[in-house]
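One structure is given below, encoded as structure tokens.
The values are calculated or read from the model by the stated rules, or taken from the named source; none is laboratory data. This structure is a prediction, so every number in the text was calculated from the model and none was measured. Quick reminder, even Gly has a Cβ in these numbers, built from the backbone with ideal geometry, and neighbours come from all protein chains shown.
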Amino acid sequence: MTEKEFAQSLRRGLGGAIVVLKHNRNNAQYRGAVLRCCLRDISYDWQAEGTKGRYLYSAICALNEKEYFERVIIEKFLSRCGDRLSFQLADVLFCYAENDSEPAKDAFRAKYRYFADKNGRLSRTHRLEEGFQWYDVACRLFDIDGFTAFKRYTTDMGELLHRDPNKSNRYYYDFFISHAEDRFGKKRVNDYLDKMYGRSDAIKALIDTLKAEELSSESYLAEAALKRVSVEELMQRANGLLASENPQYGIVGICHSFSMHASEADFLSLAQAVLREENETVKALLLKGFWRKPFPLGITPLLEYARSENEMLSENAMTCLEEFKDKRIHDLAVHLLNTKGLNSSALSLLKKNYRKADDKLIQTLVMKSSGVTHDVQSDIRDIYTCHCSADALPVLLRVYRKGDCTYCRYGVVKAMRNCGILPDDILEECLYDSYEDTRKLAKRLAVRKKPTGDKPA
């Protein structure tokens, strides 16, 4: 494996990179790639998948250079860095701390002091939410320093809220309570807070703020649950978004509210409005209202919209068509894939309309593509999870190796198993994958494959 191939594999969190480090005596050639990945955010979607911190720690251990990497990572962690990288570095260092590294533990304490000493002057931007980072560091210290760390954080946060309660949303104070309850037990946490409520202005401010926020949230959810959105309101919003840079993002919330309370008659009325609408972008936005309900007027108009040159209308129509199984949908998918390729988004139409003869077309398109987008990764996962094919291995292997989403990769591995074509070397790699569920699945499957030996006489 070349250094470039190794770096790509490591960035994607593939277990094959760890296997190479474990079985290659000359693994020092990969040292630079491991270091670069440690000091850069390599997550795809850290909120859904988590960071690759623990995975990177396993790479460091395989290199047998823990002390050097720890010093460099601590230096970076104590600098000012964005949220995603901060959480990745914290995950790596927490692995060190779990293995009784005092420098790693001290790094968390130093980072905590840095945030606490800012006295609430915490930066808040799209990429840098220092209150969120502080919360993360504090929760790590619950495991490192125990209940003392919890008491310190409640006091520090309470003092900020006592001085300036209007900035509560800057501190991310609320999430840590549930983490503390998981760590120390709900009774111990609540007993401490109840005891300190009448003794400490800081704790009182914290508890009062938490209760106020909870009541406000409950009120908002209750109001949202009762609010009905009419078809006319949905159409007004769609027309108002025409000048928006990202109109699809702006329509999601009101479509959700509409679908929560819409009757069969309301959905029928919306479908009729779609057919009457002349503006294709507005038509596309209105189709978003059917994210929880099949389009009630049949697939014929959707087939027409799916061929539109308006990309938004074409994609939203195909999303609606995914709910149906029909020969015409299969024929449309094959036509679009042949004429426009994977960029047509038509691969998703085969989730319910796949035929064995489609394997050749799918393989041709996927193998010749320069990369694997997330949509292709998830579509291939779903197609071969629902439909078994012994000929799907080349496609699944390429998507497995080239896709960036670790959650979808987990699904691709399950699809290989579903088709009965999961290779032993891939199963071994999966034991070291960055995604926890993939590792767990591989362990279960490896145990089943392990020879039991002869029974004793």
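Before moving on, here are some points about what is shown:
- Among residues of the stretch 317-337 that are under 21 Å from Leu365 (Cα atoms), those with a beta-carbon under 9 Å from a residue that is among the polar types (S, T, N, Q) and not in a helix (DSSP H, G or I) at least six positions away or on a different chain give the pairs Met318/Ser345; Thr319/Ser345; Leu336/Ser345.
- Near pairs, Cβ below 8 angstrom, 6+ apart or cross-chain, from the stretch 14-43 (of a type in the set (Val, Ile, Thr)) to any residue that is part of a loop (DSSP other than H, G, I, E, B): Ile18/Tyr432; Val19/Tyr432; Val20/Met1; Ile42/Gly13; Ile42/Lys52
- Phe150 vs. criteria out of contact with any Leu (no Cβ under 9 Å at 6 or more places or on another chain), within 27 Å of Lys186 (Cα to Cα), buried (at least 19 other Cβ atoms within 10 Å of the Cβ) and at pLDDT 95 or above: no
- Within the stretch 49-73, the set of residues being small (Gly, Ala, Ser) and assigned to a loop (DSSP other than H, G, I, E, B) comprises just one member, Gly50.
- Subset tally (residues that are β-branched (Val, Ile, Thr) and not in a helix (DSSP H, G or I)) for the stretch 357-414: 2
- Screening the stretch 343-360 for residues that are surrounded by fewer than 19 Cβ atoms within 10 Å (Cβ to Cβ) and modelled with pLDDT of 95 or more and picking the one that is farthest from Pro301 (Cα to Cα) gives Lys360.
- For the stretch 74-178, the helices (runs of 4 or more DSSP H) that sit wholly inside it and include 1 or more residues that are more than 24 Å from Ser43 (Cα to Cα) and not β-branched (Val, Ile, Thr) are 102-116, 130-145, 147-163.
- Residue in the stretch 398-416 that is more than 16 Å from Ser378 (Cα to Cα), touching a residue at least 40 places away in the same chain (Cβ under 8 Å), touching a Ser or Thr at 6+ places or on another chain (Cβ under 9 Å) and not basic (Lys, Arg) present: no
- Within this structure, Gln88 passes the test of being in contact (Cβ under 8 Å) with a residue 24 or more places away in the chain, crowded, with 21+ Cβ neighbours inside 10 Å and under 29 Å from Met1 (Cβ atoms).
- Within the stretch 68-92, considering residues that are closer than 15 Å to Tyr57 by Cα and acidic (Asp, Glu), the one nearest to the chain's Cα centre (by Cα): Asp91
- Residue match in the stretch 354-368 (condition: under 28 Å from Lys325 (Cβ atoms), touching a residue at least 24 places away in the same chain (Cβ under 8 Å) and in contact with a His (Cβ under 7 Å, 6 or more places away or on another chain)): yes
- Residue match in the stretch 199-215 (condition: farther than 28 Å from Asp164 by Cβ, hydrophobic (A, V, I, L, M, F, W, C) and exposed (fewer than 11 other Cβ atoms within 10 Å of the Cβ)): no
- Taking the numbered list (1) surrounded by fewer than 22 Cβ atoms within 10 Å (Cβ to Cβ); (2) farther than 21 Å from Met1 by Cα; (3) more than 22 Å from the chain's Cα centre (by Cα) in turn, Asp424 passes all entries but (2).
- For the stretch 240-270, filtered to residues that are among the polar types (S, T, N, Q) and surrounded by 15 or more Cβ atoms within 10 Å (Cβ to Cβ), the residue that is nearest to Trp291 (Cα to Cα) is Ser259.
- Tyr220 passes every criterion in (1) farther than 30 Å from Lys151 by Cβ; (2) of a type outside the set (A, V, I, L, M, F, W, C); (3) at pLDDT 90 or above apart from (3).
- Restricting attention to the stretch 14-61 and to residues that are modelled with pLDDT of 95 or more and of a type in the set (Gly, Ala, Ser), the residue that is farthest from the chain's Cα centre (by Cα) turns out to be Gly32.
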